[in-house]
Amino acid sequence: GTGLVTLDPGFANTAACRSEITYIDGEAGILRYRGYPIERLAEASTFVEVCHLLIHGELPTEQERDALSERLREHADIPDALRDLLNAFPRGAHPMTVLSSAVNTLAAFHADDCDPGDPAQVELATVLLLAKLPTIAAHIHRTSTGQAPVPPDDSLGYVENFLRMAFGPPSGGAGVDPLLSKAMDLLFVLHADHELNCSTATVRVVGSSQASLFASVSAGINALSGPLHGGANQAVLEMLEEIRRVDGDVDSFIKKVKDPDSRTRLMGFGHRVYKNFDPRSKEIKRLAQQILARQGSDELFDLALQLEEKALSDSYFVDRRLYPNVDFYTGLIYRAMGFPTDMFTVLFAIGRLPGWIAHWRELLADPDARIARPRQLYTGPNERDLPAGG
Ligand code: SDX
């Protein structure tokens, strides 16, 4: 059930709910999906295996994994009518705006798979979303950069297929760069769930009214788009570009952050739960070093390393327990892969999708679950009458 933990005007910590999916210890920097430490899953499991784990509660057997992969390939394509809809958006539309609209529109194309009370429809909606989100994302990327969309290739694995749809068939008939595919897979694993963060809480709140999985995930995508949440990975790159262009050096930018009147935040730093370090950020930083090393020096990466080093020894940040979070280094990797900054949060959404689905299913399967109805503390005027003659 949903109980009140603390009440505050910002609705920031009000609700809490039971869940068996993800465990976080913010002090110790622990993150586990269904009991498995993120470090072990990052080493040993693929994103498709983690999707199965989060949604069904167990890592898949070989047969289960192959069956899921087959169903994802089978449903990867999207109807031409949906492609036409995606093409109708203004050229400069933010990919997250188009993505949430497309996911909501899937309910129109799959109206018979929207009943949360029908297990078969929930299973199919789960596979449809997992299978089609990368295809929709790749279509958005291709058309927003003036390139023809690339259809899914059912001979490829899930992540490889996404990269091929996004960047086109590699020249000379070579396959997708295995290092990029491995890096993308790992980043999706690291983003796959994070208990009751803003967007997952949104999916639960919308799902609690028994809205469809498509409608609930579409709402989650909108919550994720905010710069304080998933939009931070794009905001970090824009911050680094601004430092390079305007501030010139890290010290003057940090000075601006510490000036309360400037209302400037060090994007990619801080977290509501992690107060010592974000375990994902360690993995991502290591991956950034590996990927960026391939292309020689990277000015923005050097700026990011300087920012981290200075912030971690500056009392403003240390006193407020601010450390690099999951978004601090990811944008640098996505940029090195060839994605434009406005696609970074779309990549976060693809990674977070299994977590959103798992939480929605857990809520809808809970016989005690009730519609979300947070309480408010009324602070407005007491009863009063209209002025005479009013
Ligand atoms: C994600 O919840 C999740 O799990 C989210 C996520 C997930 O996987 O789903 O981990 C993904 O959203 C990561 C966070 C990405 N957002 C950013 O990087 C944006 C920058 N960070 C913040 O704005 C902030 O740190 C939050 C939103 C992440 C957390 O905000 P809180 O917990 O509400 O903290 P706060 O705003 O109350 O700040 C406490 C103090 C304030 O200073 P004082 O008023 O006490 O003087 O710390 C300061 C804030 O001004 N502060 C920062 C800061 N973050 C907090 N100051 C400078 N730079 C920052 N980044």
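Observations
- Residues of region 86-104 that are touching a helix residue (DSSP H, G or I) at 6+ places or on another chain (Cβ under 6 Å), open to solvent by 30 Å² or more (accessible area, probe 1.4 Å) and free of Cβ contacts under 8 Å to residues at least 40 places away in the same chain: F89 alone.
- Residues being touching a strand residue (DSSP E or B) at 6+ places or on another chain (Cβ under 8 Å) and within 14 Å of the ligand (Cβ to nearest atom) - total across region 281-293: 1
- Of A174, A148, A232, A211, all but one fail to be of a type in the set (G, A, S) and buried (at least 20 other Cβ atoms within 10 Å of the Cβ); the exception is A232.
- Qualifying residue in region 177-198 (condition: part of a loop (DSSP other than H, G, I, E, B) and more than 16 Å from the ligand (Cβ to nearest atom)): yes
- If you go through region 252-273 and pick out every residue that is touching a strand residue (DSSP E or B) at 6+ places or on another chain (Cβ under 8 Å) and among the aromatic types (F, W, Y), you end up with 1.
- Some residue of region 300-315 being part of a helix (DSSP H, G or I) and near the ligand (Cβ under 9 Å from one of its atoms): yes
- Breaking point among (1) within 16 Å of the ligand (Cβ to nearest atom); (2) assigned to a helix (DSSP H, G or I); (3) in contact (Cβ under 8 Å) with a residue 24 or more places away in the chain; (4) surrounded by 19 or more Cβ atoms within 10 Å (Cβ to Cβ), for T202: (3)
- Every residue from region 118-134 that is touching a Phe, Trp or Tyr at 6+ places or on another chain (Cβ under 8 Å) and not small (G, A, S): L129, P134
- Region 263-280 residues that are more than 8 Å from the ligand (Cβ to nearest atom), paired with ones that are open to solvent by less than 50 Å² (accessible area, probe 1.4 Å) and not charged (D, E, K, R) (beta carbon under 6 Å, 6 or more apart): K275/G26; N276/G29; F277/G29; P279/G29; P279/L31; P279/I38
The values are calculated or read from the model by the stated rules, or taken from the named source; none is laboratory data. Model, not experiment: these values are computed from the prediction. We place every Cβ from the backbone using ideal geometry, glycine too, and count neighbours over all the protein chains shown. Please note that ligands, DNA and RNA were not included when accessible areas were found on the heavy atoms of the full protein model with its side chains. Shrake-Rupley method; radii C 1.70, N 1.55, O 1.52, S 1.80 Å.
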